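So the structure is just underneath, and the comments pick up after that.
The values are calculated or read from the model by the stated rules, or taken from the named source; none is laboratory data. Just so it is clear, the model here is predicted, and its values are computed rather than measured. No Cβ is skipped: glycine too gets one built from the backbone with ideal geometry, and neighbour counts run over all protein chains shown. Calculation scope for accessible area: heavy atoms of the full protein, side chains included, ligands and nucleic acids excluded. Shrake-Rupley method; radii C 1.70, N 1.55, O 1.52, S 1.80 Å.
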Amino acid sequence: MSKRFSTLDTTRLLFEHPKILFRLIERMDRNEARYIRESDLVAEVMDYTRSLGRADRERVRLALNTDNLFRGGLIIDIIKAEGERRLVLQDALINLMRACNASLYQELTDARLRGHLVTLRDVRNRLETSSFSDTDPDYTELRDDLNERVSQLIGLLRQNVLRMQTISAQLADLSGDASRAPEKYLEFRQNLFEQIVTLYERHIKPTLVFLNPDTRLPDGSNLFETLEAMVRLLESHDDHSLADQLFRSSISLNALYKPIQAVAQEVEHFLRKTRRGMAQYNAMEHFYGKLRTLKDDTETLSLRRKWLEGGDFARGTGFLVGLRAQQRPKHYAFGESSSYYQLLFSELDLRLSDLRRKAEVPMLEEVAGSGRESRIDVQRINQLYRWLETLELRPTADLVRELHGRLDGFIPGYRFPDLLAALNRLVNGPPEGLQVITTNRFRTLEQAPEGEQFVYRKRRLETDRTESKQEPDHA
């Protein structure tokens, strides 16, 4: 009697050595078949186990023997055709292996999508004549069937989205020879165009049409119209729990449209690339693939592998060295509070007021740094002081930067000494109802195109609370 493994032990060995089934499923998809040849299984097992130790080699070969897989239920049928044995694997096993490897996800074709839509239409038609009673087994079975089919559709579409999001690596593989053979670029581009157009027309575009709520189909309602009809039926018969669940499922399906649309735009953009652009694209994908490999090493059961071990990668590429010394780019985002918008509109009002008063801006005489004259300096300061008396100011957290923004671009020949003069005037004689608070924090201003820098102590312009606290004498 030959050695046997239980279904659990056989499955455990399959997932300890997943590359065998990965290669077989990939070959099955490439041949567009629903079976694997027994000869291919034997060849893959023999080739894979050559590098294993004797004990592991014997265990894997015994576990992946055709008879053991058939007795364990992992092979559900053996077909003899054309002088060979064809093995039909358990769908659950194939789907689980696909879930472990995103590259094995199958793109949904138009025929498969329409098959799911026809099934949901059939469920809707059966639901219209249903009793909607929990005591009716036909209704409970129909409800379970509806939940299963909707969940299965969402799962397939999510897998399809993950598969399409890895299309960058697939495009890089298709265009790998673009930079190596420039003399054959035109022929290569034509072949590449045909392959990508097939991918777009057969997989991406049908999914976009299927998930578009505005699609009009000649043979009936689209996906979302079918789901909405079932939701209305369930609500009208007081089955609000299932109606809410189906409504949330339709929202989840609708959310899958945008990522697939982004993939379609990426494919269209890739087709417009030149040979140099393809070479750059492939280089980025090459290094991105290396980073993904380092990331995958952290997704193991070891709790110690939490960080990317990218030291060798950084030293080998060179373009990441010194990256940590660079400042992170600062983003600009609008706030959500009402005070933020009040501050924004107040700033706009002040700038518009400055523009309206542009005719009153003093024409300060230009002064070179090495040829200063006291008469000209006094005249500039007096003109500046007269203009400051009419300048409208509001409380601000940084008076120096506020003054710099108001003077720069409005005062001809503006220089940092003018800012110092204006600041000194406001510190000694602040506007009515306001006071200047000096802090111990330092900031830096830079003026282009000279590139001059001004290090200053931060000052705040606040409402004078001492005056506001004084009450008028009514005696």
### Message
Residue under question is residue 464, and the condition is that it be at pLDDT below 80 and open to solvent by less than 40 Å² (accessible area, probe 1.4 Å); does it hold?
### Response
yes
### Message
I'd like to know if the range 67-79 contains one or more residues that are assigned by the TED database to the domain that holds residue 34, assigned to a loop (DSSP other than H, G, I, E, B) and exposed (fewer than 14 other Cβ atoms within 10 Å of the Cβ).
### Response
yes
## Note on the structure
Within the range 381-423, residues being among the β-branched types (Val, Ile, Thr) and either within 19 Å of residue 453 (Cα to Cα) or in a loop (DSSP other than H, G, I, E, B) (or both) number 3
### Query
Is it the case that the range 27-45 has a residue that's outside any helix (DSSP H, G or I), closer than 29 Å to residue 300 by Cα, open to solvent by less than 60 Å² (accessible area, probe 1.4 Å) and out of contact with any helix residue (DSSP H, G or I) (no Cβ under 8 Å at 6 or more places or on another chain)?
no
### Query
Looking only at residues in the range 107-119 that are open to solvent by less than 30 Å² (accessible area, probe 1.4 Å) and outside any loop (DSSP other than H, G, I, E, B), which one is nearest to residue 260 (Cα to Cα)?
113
### Task
Identify all residues within the range 287-340 that are hydroxyl-bearing (Ser, Thr, Tyr) and either at pLDDT below 65 or exposed (fewer than 12 other Cβ atoms within 10 Å of the Cβ) (or both); write none if there are none.
293, 300, 302, 332, 337, 338, 339, 340
### Task
Could you please tell me which pairs satisfy a Cβ distance under 6 Å, a separation of 6+ or placement on different chains, a first residue in the range 40-67 that is in contact (Cβ under 8 Å) with a residue 24 or more places away in the chain, and a second residue that is exposed (fewer than 13 other Cβ atoms within 10 Å of the Cβ)?
62/3
### Task
Can you work out which of the residues in the range 46-66 that are of a type in the set (D, E, K, R) and surrounded by 16 or more Cβ atoms within 10 Å (Cβ to Cβ) is farthest from residue 7 (Cα to Cα)?
57
### Query
Any residue in the range 422-432 that is of a type in the set (Gly, Ala, Ser), assigned by the TED database to the domain that holds residue 382, buried (at least 16 other Cβ atoms within 10 Å of the Cβ) and under 14 Å from residue 404 (Cα atoms)?
yes
### Task
Scan the range 48-59 and give yes if some residue there is part of a helix (DSSP H, G or I), acidic (Asp, Glu), closer than 20 Å to residue 85 by Cα and in the same structural domain as residue 85 (by the TED database), otherwise no.
no
## Note on the structure
The residue that is nearest to the chain's Cα centre (by Cα), considering only those in the range 77-113 that are free of Cβ contacts under 8 Å to residues at least 60 places away in the same chain and under 16 Å from residue 155 (Cα atoms), is 105
### Query
Between residues in the range 120-135 that are within 16 Å of residue 148 (Cα to Cα) and assigned to a helix (DSSP H, G or I) and residues that are open to solvent by 30 Å² or more (accessible area, probe 1.4 Å) and hydrophobic (A, V, I, L, M, F, W, C), which pairs lie under 8 Å by C-beta distance while being six or more apart or on different chains?
124/233; 127/233
### Query
For residue 431, all conditions in the list (1) under 20 Å from residue 382 (Cα atoms); (2) outside any loop (DSSP other than H, G, I, E, B) hold save one; what is the number of the exception?
(2)
### Message
Every residue in the range 196-218 that is over 22 Å from residue 269 (Cα atoms) and of a type in the set (D, E, K, R), please.
### Response
214, 216
### Selection count where residues are without any contact (Cβ under 8 Å) to a residue 12 or more places away in the chain, in a loop (DSSP other than H, G, I, E, B) and either open to solvent by 60 Å² or more (accessible area, probe 1.4 Å) or among the small types (Gly, Ala, Ser) (or both), scope the range 200-237
4
